[in-house]
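These notes are about the structure you will find just below.
The values are calculated or read from the model by the stated rules, or taken from the named source; none is laboratory data. Nothing here was measured: the structure is a model prediction, and the numbers come from that model. Cβ placement follows ideal geometry from the backbone for every residue including glycine, while neighbour counts extend to all protein chains displayed.
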Amino acid sequence: MTAVAIFTCQFYVYMPWWAVLLAVLLSAVLSLPVDLIQALTNQQPGLNIIAEYVIGYILPGAPIANVTFKTLGYISMVQTLTFTSDLKLGHYMKVPPKAMFIAQLMGTVIARTVNLSTAYWLLNTQPKVCDGNKDFACSQARTFYSASVIWVIQILVVSAATGMMSPAYPYHYANWLTLGFAFNFFARRYHSEWHLRFTYVLSAVFDSGVAFFGLLYFLIFTTNNIKMPQWWGTTDICRLDGYPLMQPESGMPDPWAVDPDAEDVPMYNFSKPYVPFNP
């Protein structure tokens, strides 16, 4: 897999071959101590910040290299921790390690194939994916990229908590806080038996329900170009939603213009000007 990564980065000019080896070395060296910390404290140190800092210092002004290095150096470590957690769960459930490894391998192959196929399908069928499409705004991908661009722009922001950047809106935090307080404080203190019996089941129902409805919504509404009714909370609360931190090469229209869809619409003045990529 390392050889494939080196070939891909060299062929598409993502970053030099030695950066691939450095990313793999960083992940291999730090996986064990991070796994130990996670096992003892249930807290995972942000290796993504270290990866962004290292490559941002070595290759300044290269956002694509920063994202690629973080993927190889940080995501590899996260996957290692996830696989280890699954093996530990299988050990508790008396599942043979060989069967667990085969299941993990099959799951990885299936997930990789489905994710890559879905990504190519969306890029070829949905107009302006991640660039003006409200149904596919790619908020997580934008956050991943923006966190890397921060290190490219200014290395002195090492103290900034970029690892805590979230693609959620402010009112999402209020919802999380309200539900967390209701179940983990009020229900746990005054209705402990109910909390012990139903809280974690209800949490799993919420997660699976959102995932199921998201798929159902896409198949019924999005693929048929059906728009949901607009009320407060479903419209754009922030006009700069979907706008990157740095100006793209072609620029973007001013969202405060009278008619943002007009051909002669004025362009938005970004705080960070466009910087061409020089590998």
> Is at least one residue of the stretch 82-95 closer than 27 Å to Ser146 by Cα and in the same structural domain as Phe144 (by TED's automatic domain parsing)?
Replying inline: yes
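The rows are residues; the columns are (1) surrounded by 14 or more Cβ atoms within 10 Å (Cβ to Cβ); (2) of a type in the set (Asp, Glu); (3) modelled with pLDDT of 85 or more; (4) in the same structural domain as Gly73 (by TED's automatic domain parsing).
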position: Pro127; (1), (2), (3), (4): no, no, no, yes
position: Asn133; (1), (2), (3), (4): yes, no, no, yes
position: Trp176; (1), (2), (3), (4): no, no, no, no
position: His195; (1), (2), (3), (4): yes, no, yes, no
> With respect to the numbered conditions (1) at pLDDT 85 or above; (2) among the β-branched types (Val, Ile, Thr); (3) surrounded by 14 or more Cβ atoms within 10 Å (Cβ to Cβ); (4) farther than 27 Å from Leu26 by Cα, which one is the sole condition not fulfilled by Thr84?
Replying inline: (4)
> Going by the structure shown, is Ser146 small (Gly, Ala, Ser), surrounded by 13 or more Cβ atoms within 10 Å (Cβ to Cβ), in a helix (DSSP H, G or I) and modelled with pLDDT under 85?
Replying inline: yes
> Just checking, how many residues over the stretch 36-65 are in contact (Cβ under 8 Å) with a residue 40 or more places away in the chain, within 23 Å of Ala141 (Cβ to Cβ) and in a helix (DSSP H, G or I)?
Replying inline: 9
> Of the residues in the stretch 1-18, how many are hydrophobic (A, V, I, L, M, F, W, C), more than 22 Å from the chain's Cα centre (by Cα) and in a helix (DSSP H, G or I)?
Replying inline: 7
>> What's the total number of residues in the stretch 38-55 that are among the aliphatic types (A, V, I, L, M), surrounded by 13 or more Cβ atoms within 10 Å (Cβ to Cβ) and either farther than 13 Å from Gly73 by Cα or out of contact with any Lys or Arg (no Cβ under 6 Å at 6 or more places or on another chain) (or both)?
In response: 5
